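Single-structure report; data block below.
The values are calculated or read from the model by the stated rules, or taken from the named source; none is laboratory data. Please read all numbers here as calculations on a predicted model, not as lab measurements. Note that each Cβ is placed from the backbone with ideal geometry, even for glycine, and that neighbours are counted across all protein chains shown. The area values use the complete protein model at the heavy-atom level, side chains included, leaving out ligands, DNA and RNA. Shrake-Rupley method; radii C 1.70, N 1.55, O 1.52, S 1.80 Å.
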Amino acid sequence: IEIYSLHVDCKVTSRFAHTVITSKIVNRANESKEATFEVELPKTAFITNFSMSIDGKVYPGIIKEKASAQNEYDAAVSHGQSAGLVKITSRKLEQFHVSVSVAASSKVTFELTYEELLRRQLGKFELLIKVQPKQLVKHFQIDVHIFEPQGIRFLETDSTFMTNELSEALTTVQSETKAHILFKPTVDQQKVNPGLDETLLNGDFVVRYDVKRGATAGDIQIVNGYFVHYFAPRDMPVVPKNVIFVIDGSGSMAGRKIEQTRDALLKILQDLRPEDHFSFITFKSRVMEWKSSLLQATAENLASAAGFVQTLSASGGTDINGALLTAVSVLEKAKELPERSVSMIILLTDGQPTSGERNVEVIQENVQKAINGKYALFCLGFGFDVSYKFLEKMALSNGGITRRIYENADAALQLQGFYQEVATPILMKIEMQYPENAVEGLTKNNFKLFFEGSEIIVSGKISNELDLLPVEIKAQTHTSDLTLKEEANVEEREQIFQNQTYIFGNFIERLWAYLTIQQLLEKSISAQEEDQKKLEAQALELSLRYSFVTPLTSMVVTKPTGHQQMELANKPTEAG
């Protein structure tokens, strides 16, 4: 079985990435063989299309509601569930895997399309392409086109497998608003060494970039009546933060996990700013406070904290409820905190609650009542014994997010990386306002916090009559209240994309649908049951209308007759 062509074709238009992977395979044997198509794609992406062509006949994947796809599958396949075509493989990736029997000297072409909105993190956008052909490929290429009307501020490519030989196969052409990256190694360049048929191509191919920004109320782009508004202010004073680290010291954290936690916390302490306040709470079967109040991040207090962190050990049970309620009461009692500051609780745990209150629903309720919208709660789940669902619901109900920390050698770096994302709040209570009568289907437009290095994205549909789209942004900075105003000329903005040949026409509408689905699913996690059903029904309707494989839909892949005919591609979620 030979892969004679493998193309990755990616178009990024104003952060929205559309990737098509095409693999052409021939069976050179004189009997039929299994041909496998296996690609890894970012977890943040939604698959939108898949097809197999065998001897000129096309077998398309069809996207349906999950339950009806499952029923159809169960009816067709009597011997129970197959593994499904998609599974999570690592911190950032999931794998799509399908194989099909190919007759002697026949050919098959696999084509997979997925889309995602690139999110700005720590000041850059990252496009990740996983490369793993597992054999030498005669026609191999990665072709990336980027168009950013705001202008490209910097661009870099990075790869885990690049050699001097291979780098000769990489070309980058860049203008003010566009970039074209082509990686096209010959078979000889792909070889580990000349005498062996072993490929070097195994790892990540990453493109990172950022866009230029004026000091205005962000950037508005419009195509076919849909708009997207990007806002990432710069040169703002940093808002001081009051942060309580709530650290799991239960028995299951013993050994490497607690060591990695200590390493990460020592680095994080060095990153605190002098105007920040902080404290630690550790919990086992009972809750221990390092100090009874928050301390300012002076050199002396940081040194004392570093001493404490080095003594962290692990044993006993897990009282998550007690620990979080203690953290809230420390923030409640805190005096002399800067008037305009951001208070946050960062919880790190690797297990289920086993001491104190154990019912996760009661804990969620207690914590939400105690926090009462005043503080942000971030939950970091270490490893796979945590209930991710529980942590995710708790964080989303309290203005924060959840991350899984994978138990790898780089766990300490993952922890630090997360902290860096929330280390620099620069705006609070951000409201993005648009004329009510002129905009519909607006995505989330008010945000509790904005962190340096990230980006706020709002999208919606403009009514037909509008010539000018006025925007007003209100927010609080560390020192004052901010109001920014901007007017976008609809026709002028539409013009920008008119002459871009390679752009798929309705990309802002698809971006709007992608963002809306993500936000509906996120909202449904922390909603009451009736609301949950409504939110999921809306998300399902959009997933089907725009053909996205989301947690509510499945793609049914039907194979040629003669073997198990049908398989399902579902979207895996971190919560399992």
Of the residues that sit in the range 252-295 and are surrounded by 15 or more Cβ atoms within 10 Å (Cβ to Cβ) and hydroxyl-bearing (Ser, Thr, Tyr), which one is nearest to ARG404 (Cα to Cα)?
THR261
Checked the range 160-174 for anything exposed (fewer than 14 other Cβ atoms within 10 Å of the Cβ) and part of a strand (DSSP E or B); matches are THR171, VAL173
Considering each residue of the range 218-241, count those that are over 26 Å from the mean Cα position of the chain (by Cα) and crowded, with 17+ Cβ neighbours inside 10 Å, and give that number.
1
Could you say which residue among THR36, THR44 is within 25 Å of LEU521 (Cβ to Cβ), outside any helix (DSSP H, G or I) and open to solvent by 50 Å² or more (accessible area, probe 1.4 Å)?
THR44
Looking at the range 6-37 only, could you name the residues that are over 26 Å from the mean Cα position of the chain (by Cα), under 23 Å from VAL86 (Cα atoms) and either in the same structural domain as THR516 (by the TED database) or among the β-branched types (Val, Ile, Thr) (or both)?
ILE25, THR36
Of the residues that make up the range 355-367, is at least one open to solvent by 10 Å² or more (accessible area, probe 1.4 Å), at positive phi and polar (S, T, N, Q)?
no
State whether one or more residues within the range 308-331 are farther than 26 Å from GLY383 by Cα and surrounded by fewer than 17 Cβ atoms within 10 Å (Cβ to Cβ).
yes
Tell me the residue from LEU413, LEU396 that is under 29 Å from ASP235 (Cα atoms), open to solvent by 30 Å² or more (accessible area, probe 1.4 Å) and not assigned by the TED database to the domain that holds ARG273, please.
LEU413
Being under 29 Å from ILE457 (Cβ atoms) and of a type in the set (S, T, N, Q), is that true of even one residue in the range 178-190?
no
State whether one or more residues within the range 130-140 are in contact with a His (Cβ under 9 Å, 6 or more places away or on another chain) and either in a loop (DSSP other than H, G, I, E, B) or farther than 18 Å from PRO42 by Cα (or both).
yes
Among the residues in the range 84-93, are any within 18 Å of THR22 (Cβ to Cβ), touching a residue at least 60 places away in the same chain (Cβ under 8 Å) and either exposed (fewer than 15 other Cβ atoms within 10 Å of the Cβ) or not charged (D, E, K, R) (or both)?
yes
Taking ALA376, is it out of contact with any strand residue (DSSP E or B) (no Cβ under 7 Å at 6 or more places or on another chain) and not polar (S, T, N, Q)?
no
What residue, among those in the range 194-217 that are open to solvent by less than 40 Å² (accessible area, probe 1.4 Å) and closer than 18 Å to LEU427 by Cα, is nearest to the chain's Cα centre (by Cα)?
ARG213
Return the residues of the range 323-354 that are modelled with pLDDT of 95 or more and of a type in the set (Gly, Ala, Ser); say none if nothing qualifies.
ALA323, ALA327, SER329, SER341, SER343
Criterion first (open to solvent by less than 30 Å² (accessible area, probe 1.4 Å), more than 27 Å from THR13 (Cα to Cα) and either modelled with pLDDT under 95 or in a loop (DSSP other than H, G, I, E, B) (or both)) does LEU568 satisfy it?
yes
Does THR483 satisfy the criteria of being open to solvent by 40 Å² or more (accessible area, probe 1.4 Å), hydroxyl-bearing (Ser, Thr, Tyr) and in a loop (DSSP other than H, G, I, E, B)?
no
Within the range 417-434, residues being open to solvent by 30 Å² or more (accessible area, probe 1.4 Å) and over 22 Å from LYS374 (Cβ atoms) number 2
Return the total of residues in the range 175-199 being in a loop (DSSP other than H, G, I, E, B) and touching a helix residue (DSSP H, G or I) at 6+ places or on another chain (Cβ under 6 Å).
1
Looking at this structure, is TYR114 modelled with pLDDT under 90 and aromatic (Phe, Trp, Tyr)?
no
Scan the range 112-155 for residues that are open to solvent by 50 Å² or more (accessible area, probe 1.4 Å) and within 20 Å of the chain's Cα centre (by Cα) and jot them down.
ARG119, GLN121, LEU122, LYS124, GLU126, LYS130
Does any residue in the range 392-417 that is charged (D, E, K, R) come within less than 6 Å, Cβ to Cβ, of a residue that is surrounded by 23 or more Cβ atoms within 10 Å (Cβ to Cβ) and in a strand (DSSP E or B) six or more places away or on a different chain, and which pairs are these?
GLU392/THR402; ARG403/LEU380; ARG404/GLY381
Considering (1) in contact (Cβ under 8 Å) with a residue 60 or more places away in the chain; (2) not assigned by the TED database to the domain that holds THR479, say which one ASN224 fails and leave the rest.
(2)
